[in-house]
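All of the numbers you see were taken from the coordinates with simple rules; none came from a lab. Note that the structure is a prediction, hence the values are computed from the model and not measured. Here the Cβ is made from the backbone with ideal geometry for all residues, glycine too, and neighbour counts use every protein chain on show.
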Amino acid sequence: MIDIANYEDVIFPVTEVPIPLPQMPNNSYILDSGYGDDSQFKMIVREDTGEPISVMSKDYRLVSNQDLLMAALPHLNKFGAVMANDDLEMRSNHVFGNARSQFSFDFPLSEIAIAKGDDLHPRLTLINSYDGTKRVGFKYGAFRLVCSNGMMIGDAKTETYMHIGARTELDDIGNIIERAVGNMQEMLGEKFGPLLEQNLEMHKISKLIEMFPKVHRGPMYAQIQSQNAWDVYNAVTFMTTHMMDSNKESTHKLESDAYRFIKRNAA
C-alpha cells in the first residue's frame, strides 16, 4: 500500500498570485487565488515559503501534486502498484525549482512476456508540472525485476498514454487509471514484441551510436553484441539506466529518441 506520506517533500501547498500583484502600503503582497480582470498572467507560488515557481497565463489550470496523488493513489493501490525503487529520480523528479514532478509506479504482479525467460512488468508514470512544460497525465513503460545478462530495460517512454484535460475532474482519474492499466500489457507487448524478429543494418547502428554523447559512444559500441533490434534496444537502455545520469532530462530524451529510431529502422 502506497502512502502519500512518502511524497511529503513534493506535496507542499501551491497557490496562484495575480500579476500585477496587489501591493499593500507596507510593501507586502496579498497571496490571493483570485485575479483581477486586468491581469492576464499569474505566478505559481509555493505557499508555505512564498517562493515563486513560474509565471503562467491566467487560463493555466493549476493541479497540485497533493491533489493529484490523493486522487490517484487509492486506484493505483487497488491494482497492486508499488513505488519504483530502482531509481530515486523516477519516484519524484522535483527539479527546476520544484516546477516539474513525475512519480513512477511498478506492477510486479503483472507480466509482459516478450521472449522465453525475458518477462517485463508494466510501469506507469504520473507526470505534472507547475511551469506548463508537462500537462498532467500518464506515460507508460516497462521494467525488469532482475537484470538479465547485465542489461536492464528502463522506463520505455514510448509515448504519453493520456492527458488529464483542462475540464477533466480529478474524481474521474480512477476510470482513467483503469483504462491505462487494463491496456498497458497489450500495448507494451505490441511495441516490444516485434523487435525480437527484426534487425538493424550496421550503418543504422552506427547512426544510433552517434546519437550518444562522444564520451559514451565507445561503451555503447561495446554493449551491442548483435544486430537484433531487441538486443540493440536493451543495450541502449542499459547505457541510459546504468552508465548515464538519469537525473538529466537529456538522458530520458535520448532514450525516447533512440527507441523511435530503432522502431523506424528495424526490419
Please state the shape class of the range 186-267: rounded when a/c is under 1.5, otherwise prolate if a/b exceeds b/c and oblate if not, all from the C-alpha gyration tensor.
oblate
Give me Y259, Y130 ranked fewest to most by other Cβ atoms within 10 Å of their Cβ, as a rough exposure proxy.
Y259, Y130
Let me check against my output: what whole-number percent is the relative contact order of the range 205-267, with C-alpha pairs under 8 Å and at least 6 apart?
31 percent
Sorted by packing (mean other beta-carbon atoms within 10 Å per residue), highest first, where do 1-13, 60-72 land?
60-72, 1-13
Ranked by Cβ crowding within 10 angstrom, fewest neighbours first, how are K214, K204, K42 ordered?
K214, K204, K42
Run the quick spin-label model on N175 and D67: label points 7 Å from Cα toward the beta carbon, then report their separation in nm to one decimal.
1.9 nm
Based on the Cβ-Cβ distance from D257 to R217, what FRET efficiency comes out when R0 is 22 Å, to the nearest 0.05?
0.90
Can you put K253, K58 in order, fewest other beta carbons within 10 Å first?
K253, K58
